[in-house]
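**Q** What follows is a single structure, and I will ask about it in a moment.
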Amino acid sequence: MIDIATLRAEHREIARLLAALEQQVALLPCGRTPDYELVRGIAEYFCDYPALCHHPKEDAVFARLRLKAPKAAAAIGDLAAEHREVGARVAAFRDLVATLYRDAVVPREKLVSAARDFIAAERRHMAMEEERFFPAAEKALAAEDWAAIDTALTDVVDPLFGEPADARFAGLREQLLSWEREARAE
C-alpha cells in the first residue's frame, strides 16, 4: 500500500545511493580511482527506478493533493515539472558516465563537478518533498484517498532494493550490503 512511510523509505534508499556515489566521487580529487562500475550502476538505477516507480507514486499523491487541498498543492509548485527536471539531470549524468566506457577522455574535474551537482540537486529535491510535500499530503489526505491512489498505481518492483533484485543491479546491491556490513563491524 502506498503511503508517506513508503515514500520516505524510498527516499532513504535513494539517499544511500547518493552517499555511495559521493564516496566514490570523493576519491577523484585525491587522484584515486573510483569504482566506475558502481558509479555507472548508480547512474543507471537513477535513470530506471525513479521514473518508473518512485515519481509516479509521488505524482499520483500530488494529483490527489491538488484535488483535496489546492492551496497546499499550489504552495509546493509543479512537482511533475520538477520530476521531469530530475529525469533530464539524471540522463545527463548517466550519459557523462557512459562516455567513460567509450574510451572518451573526461576530465576528473568535470566528472566531480557533474556528480556533485547531481547529488546536491537530488538532495534538494528530496528535502523539499520531505519538508513541504509529504506533510501537506499527510495532513490533507484521508484513508480513502490513499486507497484510491494505491488502486490507480501499477506495482513496479524496485530493481535494486526489491525482491527479487534485477540482475543488472546485483553488483551494486552487493557492494552496498558489503559497506553496511563493514560499517556495523567497526
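The values are calculated or read from the model by the stated rules, or taken from the named source; none is laboratory data. Predicted model only: the values in this text are computed from it and were never measured. We place every Cβ from the backbone using ideal geometry, glycine too, and count neighbours over all the protein chains shown. Accessible surface areas use protein heavy atoms only, side chains included; no ligands, DNA or RNA. Shrake-Rupley method; radii C 1.70, N 1.55, O 1.52, S 1.80 Å.
**Q** Do we find that residue 121 is among the small types (Gly, Ala, Ser) and open to solvent by less than 20 Å² (accessible area, probe 1.4 Å) in this structure?
**A** Yes.
**Q** Filter region 134-144 for residues that are assigned to a helix (DSSP H, G or I) and out of contact with any Phe, Trp or Tyr (no Cβ under 8 Å at 6 or more places or on another chain); which is least open to solvent (accessible area, probe 1.4 Å)?
**A** 134
**Q** Those residues that are open to solvent by 50 Å² or more (accessible area, probe 1.4 Å) and modelled with pLDDT under 90, I need them from region 53-83; list them, please.
**A** Within region 53-83, no residue meets the criteria.
**Q** Picking from 37, 10, 44, which residue would you name as being open to solvent by less than 30 Å² (accessible area, probe 1.4 Å), at pLDDT 85 or above, closer than 19 Å to residue 159 by Cβ and assigned to a helix (DSSP H, G or I)?
**A** Being open to solvent by less than 30 Å² (accessible area, probe 1.4 Å), at pLDDT 85 or above, closer than 19 Å to residue 159 by Cβ and assigned to a helix (DSSP H, G or I) holds for just one of 37, 10, 44, which is 10.
**Q** Kindly indicate whether residue 15 is in a helix (DSSP H, G or I), surrounded by fewer than 15 Cβ atoms within 10 Å (Cβ to Cβ) and within 10 Å of the chain's Cα centre (by Cα).
**A** yes
**Q** So, one more: So, in region 145-177, of the ones that are part of a helix (DSSP H, G or I), open to solvent by 40 Å² or more (accessible area, probe 1.4 Å) and more than 20 Å from residue 14 (Cα to Cα), which residue ends up modelled with the highest pLDDT?
**A** 147
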